[in-house]
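Everything on this sheet refers to the single structure shown next.
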Amino acid sequence: MDINEVPQEGNRTMGGHKRAMYARDKDGRIVIVASAGGEVDETVTLQALEFIREHTEAARSRVEAGISSPLEYWMYAQRLDLPQLSQVTGFWQWRIRRHFKPQRFAKLSTDILQRYADVMGITVEQIKTLP
Amino acid sequence: MNMRVESFQHRHAAHCESGVASSMLSHHGAHISEAMAFGLSGAMAFAYLPFVKFAGFPLIAFRMPPKAILKGMVKPFKMRFHFETFRDQAKGMQRLDELLAQGHIVGIQTSAFWLPYFPADMRFHFNAHNLIVYGKEGNDYLISDPVAEDPQRCDAENLRKARFATGLMAPKGLLYYPEEIGQKQVTPEAVLRAIKKTVRVMLGPVPIVGVRGIRMLANKVGKLDTADKLSLNYVGHIVRMQEEIGTGGAGFRFLYAAFLQEAAEITGREELKVLAEKLNVIGDGWREFALKAVRMIKGREAFDPKLLAQMLHKQADDEKVFFQALKKAIA
């Protein structure tokens, strides 16, 4: 890749940041170049975010229909999935799945809710409802 | 409490770990570029790990696992590298302050999710991010994050959360700094040894690693079902691993090419310059693959898994020829 081929069209997921890339200058030396990003990287990040968003919205509908607890919604909203939530909390996946049941969720102690809230970076009050 | 290591210079880098290694060693008098840190630790690789899930998809790594670069610095620079983790979060923060007060710059491992200066769209739960803390002003730590163009700041509370994030590859408050650097110049022997290591990994017998790993991925892509909506996400995931996750483009191939140019100077082997150029062309091949994949994701072109698989097989062919030539060049 030559310097003039380094993507500079911009990538809205980068929030104005630039990333370092390596490309060939006119003397053939490979040097570091700040890139504003481009369509290729933007597309795949947006695709990954959209993937998460779809899960989040599906969870929201389930919570509204009374078949799941807000915990499931927040899990996806805070960019986790079940295996990851299990890893960061140390709870078994089957246990977390049980906490997705609204009746069980309603009975959870503040300690457990706090643990979920902590790893997600939200408050116990937030986790009890949909935003 | 205000302190700052004045002599420290922030540098922008493609990848966090090689960036930290190069800034940290350069600060201590062993002036090396990011590409040299990357190449010298033999960090370039390829691995397709179907059993490790990353965001629901198999992990596709274009480099060696986390900490390989830092640890790879020990031998070539005859370093004593101090690594420390903490059970007690308060102690971990206190130790960081102590080291700063003593005038150290301190490397730490963090999660990306908790760093407030990260763009919102990039804040994923990824625990193997690395950065350097070079001072503190009031409640803010002064941060040299290699993947950011300029120095950043992070408040104590968020930095604590980032350092003590739990989950896969949990940092456990890890901090590190060199205690001694016995060798400040890069030797030709160290360079050749590192290249040999990379050649061995890339041409090795393990079916999911190196050139064979690329073929395995190609076969997997060739079998993707065009009717399954997740197939395009899978393709996007490959491109994301290759272009997005701090690679300097083309899954670190351009970065390694930069290393080979430096390696040619140090070892006096002109052939390595020619090979750097060849790797550059291979990097362009990876970018073409990414471009094609994105056109399919965007629906500008029909989704054709066979074609993508073909492109990946071509990459495997080219890399095989390349690494065999590299093996000869250092023999």
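The values are calculated or read from the model by the stated rules, or taken from the named source; none is laboratory data. None of these values were measured; they are calculated from a predicted model. Every residue, glycine among them, receives a Cβ derived from its backbone with ideal geometry; neighbour counts consider all protein chains shown.
Would a scan of segment A:39-50 turn up a residue that is closer than 25 Å to B:Val239 by Cα and more than 20 Å from the chain's Cα centre (by Cα)?
Residues of segment A:39-50 that are closer than 25 Å to B:Val239 by Cα, as a first pass: A:39-50.
Of the ones still in play, those that are also more than 20 Å from the chain's Cα centre (by Cα) are A:39.
Yes - at least one qualifying residue is present in segment A:39-50.
One residue stands out among those in segment B:117-174 that are among the polar types (S, T, N, Q) and farther than 26 Å from A:Leu49 by Cβ: the one that is farthest from the chain's Cα centre (by Cα), which is B:Asn139. Among the residues of this structure, B:Asp97 counts as one that is touching a residue at least 24 places away in the same chain (Cβ under 8 Å), surrounded by fewer than 19 Cβ atoms within 10 Å (Cβ to Cβ) and among the acidic types (Asp, Glu). Taking B:Lys161, is it of a type in the set (Lys, Arg), more than 10 Å from every other protein chain (Cβ to nearest Cβ) and not in a loop (DSSP other than H, G, I, E, B)? Taking the combined requirement at face value, the residue does not satisfy it. Against the test of being within 14 Å of chain A (Cβ to nearest Cβ) and of a type in the set (Gly, Ala, Ser), the options B:Gly268, B:Gly236, B:Gly222, B:Gly204 yield a single qualifying residue, B:Gly236.
Screening segment B:247-263 for residues that are aliphatic (A, V, I, L, M) and within 11 Å of another protein chain (Cβ to nearest Cβ) and picking the one that is surrounded by the most Cβ atoms within 10 Å (Cβ to Cβ) gives B:Leu255. Among the residues of segment A:2-27, none is identified as touching a Phe, Trp or Tyr at 6+ places or on another chain (Cβ under 6 Å) and either part of a helix (DSSP H, G or I) or at pLDDT below 95 (or both). Among the residues in segment A:11-20, are any touching a Ser or Thr at 6+ places or on another chain (Cβ under 6 Å), within 9 Å of chain B (Cβ to nearest Cβ), of a type in the set (Val, Ile, Thr) and closer than 19 Å to B:Tyr256 by Cα? No, segment A:11-20 contains no residue that is touching a Ser or Thr at 6+ places or on another chain (Cβ under 6 Å), within 9 Å of chain B (Cβ to nearest Cβ), of a type in the set (Val, Ile, Thr) and closer than 19 Å to B:Tyr256 by Cα. Counting only strands (runs of 3 or more DSSP E) that sit wholly inside segment B:1-87, those with at least 2 residues that are out of contact with any helix residue (DSSP H, G or I) (no Cβ under 9 Å at 6 or more places or on another chain) are B:44-54, B:79-84. Looking across B:Gly92, B:Gly107, B:Gly135, B:Gly103, one residue alone is of a type in the set (Gly, Ala, Ser) and either assigned to a helix (DSSP H, G or I) or farther than 26 Å from B:His28 by Cα (or both). It is B:Gly92.
When segment B:287-306 is filtered for residues that are out of contact with any helix residue (DSSP H, G or I) (no Cβ under 6 Å at 6 or more places or on another chain), more than 10 Å from chain A (Cβ to nearest Cβ) and not in a helix (DSSP H, G or I), the ones remaining, listed by number, are B:Gly299, B:Arg300, B:Ala302, B:Asp304.
Evaluation of B:Lys220 against the conditions (1) under 29 Å from A:Glu54 (Cβ atoms); (2) at pLDDT below 95 shows that the sole unmet condition is (2).
Restricted to segment B:169-193, and to residues there that are out of contact with any Pro (no Cβ under 9 Å at 6 or more places or on another chain) and among the aliphatic types (A, V, I, L, M), the residue that is nearest to A:Tyr116 (Cα to Cα) is B:Ala170. Every residue in segment B:271-286 that is within 9 Å of chain A (Cβ to nearest Cβ) and either among the small types (Gly, Ala, Ser) or surrounded by fewer than 22 Cβ atoms within 10 Å (Cβ to Cβ) (or both), please. The answer is B:Lys273, B:Ala276, B:Glu277, B:Gly283, B:Asp284.
B:Asp145 passes every criterion in (1) surrounded by fewer than 17 Cβ atoms within 10 Å (Cβ to Cβ); (2) within 14 Å of chain A (Cβ to nearest Cβ); (3) of a type in the set (Asp, Glu) apart from (1). Note on segment A:74-128: among residues that are of a type in the set (Val, Ile, Thr) and over 22 Å from B:Asn158 (Cβ atoms), the one that is farthest from the other protein chains (Cβ to nearest Cβ) is A:Thr110. Meeting the requirement of 2 or more residues that are surrounded by 20 or more Cβ atoms within 10 Å (Cβ to Cβ), the helices (runs of 4 or more DSSP H) wholly within segment A:28-131 are A:39-64, A:70-77, A:82-89, A:110-120. Can you find even one residue in segment B:21-30 that is more than 19 Å from B:Asn130 (Cα to Cα), within 14 Å of chain A (Cβ to nearest Cβ) and over 13 Å from the mean Cα position of the chain (by Cα)? No, segment B:21-30 contains no residue that is more than 19 Å from B:Asn130 (Cα to Cα), within 14 Å of chain A (Cβ to nearest Cβ) and over 13 Å from the mean Cα position of the chain (by Cα).
So that you can scan it fast, the table gives a plain yes or no per residue for (1) within 13 Å of chain A (Cβ to nearest Cβ); (2) in contact with a Ser or Thr (Cβ under 6 Å, 6 or more places away or on another chain); (3) surrounded by fewer than 16 Cβ atoms within 10 Å (Cβ to Cβ); (4) of a type outside the set (Gly, Ala, Ser):
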{"residue": "B:Gly107", "(1), (2), (3), (4)": "no, no, no, no"}
{"residue": "B:His125", "(1), (2), (3), (4)": "yes, no, no, yes"}
{"residue": "B:Gly135", "(1), (2), (3), (4)": "no, no, no, no"}
{"residue": "B:Tyr141", "(1), (2), (3), (4)": "no, no, no, yes"}
{"residue": "B:Gln152", "(1), (2), (3), (4)": "yes, no, no, yes"}
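The condition of being among the charged types (D, E, K, R) and modelled with pLDDT under 95 holds for only one of B:Glu243, B:Glu262, that being B:Glu243.
Condition test on B:Thr187, is it closer than 30 Å to B:Glu265 by Cβ and within 21 Å of the chain's Cα centre (by Cα)?
Working: closer than 30 Å to B:Glu265 by Cβ: yes; within 21 Å of the chain's Cα centre (by Cα): no.
It is false that B:Thr187 is closer than 30 Å to B:Glu265 by Cβ and within 21 Å of the chain's Cα centre (by Cα).
Scanning segment B:289-311 for residues that are more than 19 Å from B:Lys220 (Cα to Cα) and among the charged types (D, E, K, R) yields B:Arg295, B:Lys298, B:Arg300, B:Glu301.
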